[in-house]
């Protein structure tokens with residue numbers, strides 16, 4: 001399989017690159033600042049994701065495109081930049097003729113109670129709301145997409161460098177609500193997130209819908 005990973009040097013993107021290389025797939029690691037040293041089978045490419053035509057050329061010939069795009073949580077323009085970038089990526093995927101499109105979104109739009117999304121709860125961090133709102137809005141846009149074979153993945157609520165499980169290969173899947181454990185925690189290491197996404201790329205189980213995972 002030949003896979004394109006957008007946002008390949010980020011927290012999630014780097015884990016995806018490592019997992020796909022581990023499985024023997026060919027990967028194109030697309031980012032603003034490509035790494036000089038990459039795993040076997042991985043080619044680093046510098047790209048401006050706002051340049052739709054140029055990005056489309058890079059994506060041609062891939063079996064699947066995975067977007068882990070994030071303009072940066074400290075970016076004061078994250079709301080506008082995320083939506084602009086996500087739109088450009090989606091258009092580029094279609095222009096490149098790639099059908100399978102996997103988007104790594106956020107946990108903020110998961111429903112923690114009937115009609116209540118995580119982002120709208122009192123404990124949701126204010127500093128993350130602009131980015132989470134942008135991702136939530138884009139999910140609604142993606143749900144209107146009729147041409148691409150897309151899927152949107154919401155990570156676990158607790159999915160950050162402090163989650164030290166590493167790569168276990170174990171996880172449980174869900175749809176629009178967090179996958180809680182017996183202690184009512186929704187956790188997943190970034191390494192196991194990469195396992196989830198690689199499994200989905202190899203054997204699609206979800207089509208034109210959102211899904212999530214946790215231990």
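Okay, residues lined up against (1) part of a loop (DSSP other than H, G, I, E, B); (2) at pLDDT below 95; (3) out of contact with any strand residue (DSSP E or B) (no Cβ under 6 Å at 6 or more places or on another chain); (4) closer than 23 Å to residue 202 by Cα:
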{"site": "109", "(1), (2), (3), (4)": "yes, no, no, no"}
{"site": "122", "(1), (2), (3), (4)": "yes, no, yes, no"}
{"site": "152", "(1), (2), (3), (4)": "no, no, no, yes"}
{"site": "162", "(1), (2), (3), (4)": "yes, yes, yes, no"}
{"site": "176", "(1), (2), (3), (4)": "yes, no, no, yes"}
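Any residue that is outside any helix (DSSP H, G or I) and without any contact (Cβ under 8 Å) to a residue 40 or more places away in the chain - is there at least one of those in region 193-203?
yes
For region 137-150, state whether one or more residues are at pLDDT 95 or above, out of contact with any strand residue (DSSP E or B) (no Cβ under 6 Å at 6 or more places or on another chain), surrounded by 18 or more Cβ atoms within 10 Å (Cβ to Cβ) and part of a loop (DSSP other than H, G, I, E, B).
No: zero hits.
Looking at (1) within 18 Å of the chain's Cα centre (by Cα); (2) touching a residue at least 12 places away in the same chain (Cβ under 8 Å), which is the one condition that is false for residue 72?
(2)
For region 109-142, how many residues meet the condition of being touching a residue at least 40 places away in the same chain (Cβ under 8 Å) and within 17 Å of the chain's Cα centre (by Cα)? It would help to see each step written out before you state the result.
Initial filter on region 109-142 (touching a residue at least 40 places away in the same chain (Cβ under 8 Å)): 109-112, 118, 127-128, 130-131, 133-135, 137-139, 141-142.
Filter again for within 17 Å of the chain's Cα centre (by Cα), leaving 109-110, 128, 131, 133-135, 137-139, 141-142.
Adding up the residues that qualify gives 12.
The values are calculated or read from the model by the stated rules, or taken from the named source; none is laboratory data. Not measured: the values here are computed from a predicted model. Virtual Cβ from ideal backbone geometry, glycine too; neighbours counted across all protein chains shown.
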